[in-house]
Amino acid sequence: MPEHDPDSQDPTAPGDPIDRLAHFDQTPGDEDAVHPLPAAEVRRLGDRRRRRTQGLVAAGAAAAVLAIAVPLTVVGGGQGAPSPAPAPSQTPTQEPSPDPSELPTAADPVPNGQIDLDGLDLTAGMSTNDDGSPAQIGIDGVGVGPLAPCSTGPTEPEEQTPAEPVQRLTAEVSGPEYSEAREVRVYETVEEATAVLDAVVADAGTCPRQDVGGTGWLLEVDDGGLPGDSRLLVRTYEQDGTTPPGAQWWQLTRVGRALVLASTGGEFLPGPGLEQGVAEDTADLVPVVETVCSAQGGGCDALDGDGEQPGGSDTVPADFLLTAGWPDTGSDGSVQGPGPDVEAFPVAACGEQLGQPSTTAVLTARLDAPEDYRSRQLLVFEDAQRAIDHVTDIEAFYTACPQTPPTAEGFTYWEFRPNLLGGQALQIMGLPATPEGAPGPLGLQSISVVRLGRAVVVDQMMTEASGFEDQVRRTYRDQQAALGEVVEAMCAFTEDGC
Amino acid sequence: MDEREFDDFYSGSFRRITHQVHAMIGDRDEAQECVQEAFVRAWAHRRKLDRAEHPEAWVRTTAYRLAVSRWRRTVRGRRPADRALAAPAATAPPDESRVALVAALRQLPEDQRRALVLHHLADLPVREVAAEVGAPEGTVKARLSRGRAALAALLTDQPEGPTPEGAHHA
């Protein structure tokens, strides 16, 4: 039993709410309600995720497809182009264990989309703790805490950014009148890191002054003076028309897909003393930022910019694996494409269709077989923001139509599930239901959307499966497994790795 | 962490973490999905997990962050009420006392609810709760105190009528 809060009530008191909470996990029969995937399946999904985040491992394969890359307008050559042979049939529910050669080994230098920060001295120039001990570097420490510059208390912000860093490095020191913290957060994509920084800066812009208990909290946003996309947030105070000692500032810098964050607070007197503290802090952070740049394979000048990563291409490889994972239809069905003129299933719900977005390239494949209809469409946008917007539009489209109008046969309702294939991804299940709301016998739909950089793939399946959970889960897993290869192929041209 | 160690960790902690996240967010199905995804990430990031002092806390925090992200809140909050009817009927009906407790927890502020669950259900001392949520110990104690008082009041006022789990979301 841990050292409990002394104010805690007697946890053994009968009927005590805390007692009920403490025994929340001991409800009889509750074990039947939790259905974890087999551990091997979790590892398989984790390996797939890891491979994706590490990028297309086979550099040779990437070189091969790039070598024959041609502008999309050439791909397929229109209606008369020969269709590629369907991919070999797969049975994802019985997918074999991962090839041992694909599993990470001790020789892997850096896992999971992380960057090598071994050479980083995150604490350079930092003070010591009140007891004289130096700052400790951790990977799960408090760091700079929630990025909520308008917050006037320790409570976490109501809304958190959806982007979660794949790697953190933290360091903190504190004393009676000062505190310093530094943190490096590495995200899966440049876009995620950019979005986090932009959100914080936008938030800061909404609270130049807040009144807290008779004290004015002032916040200024300025350029940070560090390499990369750098911002400086400085908070000072105002009381009875005077400026009391005390200030806190945040240095927020994005380089590539990493954020270098620093927070310093102390009894600085606004004016020269504060400016000197910020200047010294900035100077201490320069080598930190430069090391984070180097860890991403280049200098800060190469990484700084509009979010476009080097290596992106306007072309889709001629042999892009758009039909990967699709079954062999035999003589009972057909596969059209991939090609630019193949018609995809529309994004449709409640009798309406989402309009086709403006793109720089489109590649579509379609499978028509008895009880199995599929379409996959690869959309390449002018920039990442337009791709982000399209995924957001799809999400909003289905959110606005929670279920189709009921008929005598029943209705379909849309349910969002986790999509493990991308940083920005949707998995939407169209579940058939009887008029009474019970699982319908057939007509399951499944829509998987994954964005990588400027490209979005929209994968749709319409099957004769029912709305019962076992069939829904099977379809969901099949789709995730089959689409994984497509997502990996997207990495070859949409970004410099994934 | 090799495969055997991970499998042991997974089988030994999945249900426990799912219950804890369920209590935090008020939706068992979503808790299970988020914990599932957190374990997928845990295996993908297993070197990070190796270095983590408390792997279970890593998974729990990841699952919780997944659950409270804006995307999930927006989407799941608009889930049609019919979903409860369409859920698989193979599970036992929820315990009424638990349903009332979940309903009461869902009325608490998020930070109080999380502190209560970590301290009283996950059995973490205040110091570790503070580390996990990134708040000072004094703040955590205040959240616990307010949360306990609010929870007691809610459960005293609230009849223990069944509310279909999954029909709402925190």
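Looking only at region A:119-138, which residues are assigned to a loop (DSSP other than H, G, I, E, B) and within 21 Å of A:Ala193 (Cα to Cα)?
Step one: filter region A:119-138 for residues assigned to a loop (DSSP other than H, G, I, E, B), giving A:119-135.
Residues satisfying the conditions are A:Leu120, A:Leu122.
If the Cβ limit is 7 Å and pairs must be 6+ apart or interchain, which residue in region A:138-151 that is farther than 23 Å from A:Leu120 by Cα and within 11 Å of another protein chain (Cβ to nearest Cβ) pairs with which residue that is among the polar types (S, T, N, Q) and crowded, with 18+ Cβ neighbours inside 10 Å?
none
Results for (1) touching a residue at least 24 places away in the same chain (Cβ under 8 Å); (2) under 24 Å from A:Gln167 (Cα atoms); (3) open to solvent by less than 20 Å² (accessible area, probe 1.4 Å), shown as yes or no for each residue.
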residue	(1), (2), (3)
A:Gly241	no, no, no
A:Asp281	yes, yes, yes
A:Pro287	yes, yes, no
A:Val292	yes, yes, yes
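Under the condition of being more than 9 Å from every other protein chain (Cβ to nearest Cβ) and farther than 17 Å from A:Phe416 by Cβ, which residue from region B:31-64 is surrounded by the fewest Cβ atoms within 10 Å (Cβ to Cβ)?
Among residues in region B:31-64 that are more than 9 Å from every other protein chain (Cβ to nearest Cβ) and farther than 17 Å from A:Phe416 by Cβ, the one surrounded by the fewest Cβ atoms within 10 Å (Cβ to Cβ) is B:Asp50.
If I ask for residues that are more than 14 Å from chain B (Cβ to nearest Cβ) and open to solvent by less than 10 Å² (accessible area, probe 1.4 Å), which ones from region A:385-426 would you list?
A:Ala387, the sole residue that qualifies.
Go through (1) at pLDDT 70 or above; (2) open to solvent by 40 Å² or more (accessible area, probe 1.4 Å); (3) more than 24 Å from B:Arg143 (Cβ to Cβ) and name the single condition A:Glu180 misses.
Only one criterion is unmet by A:Glu180, namely (2).
May I ask you to list the residues in region A:393-427 that are closer than 15 Å to A:Glu352 by Cβ and part of a strand (DSSP E or B)?
Within region A:393-427, A:Gln403, A:Thr412, A:Trp414 qualify.
State all residues of region A:428-479 that are charged (D, E, K, R), outside any strand (DSSP E or B) and open to solvent by less than 30 Å² (accessible area, probe 1.4 Å); if no residue qualifies, say none. Please lay out each step first, then the result.
If we filter region A:428-479 for residues that are charged (D, E, K, R), which is where we start, we get A:436, A:451, A:454, A:459, A:464, A:469-470, A:473-474, A:477-478.
Next cut, outside any strand (DSSP E or B) only: A:436, A:454, A:464, A:469-470, A:473-474, A:477-478.
Listed by number, the list holds a single entry, A:Arg454.
Would you point out which residue out of B:Ala130, B:Ala90 is modelled with pLDDT under 70 and either part of a helix (DSSP H, G or I) or more than 7 Å from chain A (Cβ to nearest Cβ) (or both)?
So the residue among B:Ala130, B:Ala90 that is modelled with pLDDT under 70 and either part of a helix (DSSP H, G or I) or more than 7 Å from chain A (Cβ to nearest Cβ) (or both) is B:Ala90.
So which residues in region A:351-377 are more than 29 Å from the chain's Cα centre (by Cα) and outside any strand (DSSP E or B)?
A:Gly351, A:Pro370, A:Glu371
Give A:Glu191, A:Glu238, A:Glu172 a once-over and let me know the one that is assigned to a helix (DSSP H, G or I) and among the acidic types (Asp, Glu). Explain how you work it out, then say what you get.
Details: A:Glu238 fails: assigned to a helix (DSSP H, G or I); A:Glu172 fails: assigned to a helix (DSSP H, G or I).
None of the others qualify; the one that does is A:Glu191.
Listed residues A:Val201, A:Val212, A:Val255; which is of a type in the set (A, V, I, L, M, F, W, C), surrounded by fewer than 19 Cβ atoms within 10 Å (Cβ to Cβ) and modelled with pLDDT of 85 or more? Spell out how you get there, then give the answer.
Details: A:Val212 fails: modelled with pLDDT of 85 or more; A:Val255 fails: surrounded by fewer than 19 Cβ atoms within 10 Å (Cβ to Cβ).
Matching residue, one of A:Val201, A:Val212, A:Val255: A:Val201.
The values are calculated or read from the model by the stated rules, or taken from the named source; none is laboratory data. Note that the structure is predicted; figures quoted are calculated from it, not measured. In this analysis, Cβ positions are derived from the backbone assuming ideal geometry, glycine residues included, and neighbour counts consider all displayed protein chains. Ligands, DNA and RNA are excluded from the accessible area calculation, which covers all protein heavy atoms including side chains. Shrake-Rupley method; radii C 1.70, N 1.55, O 1.52, S 1.80 Å.
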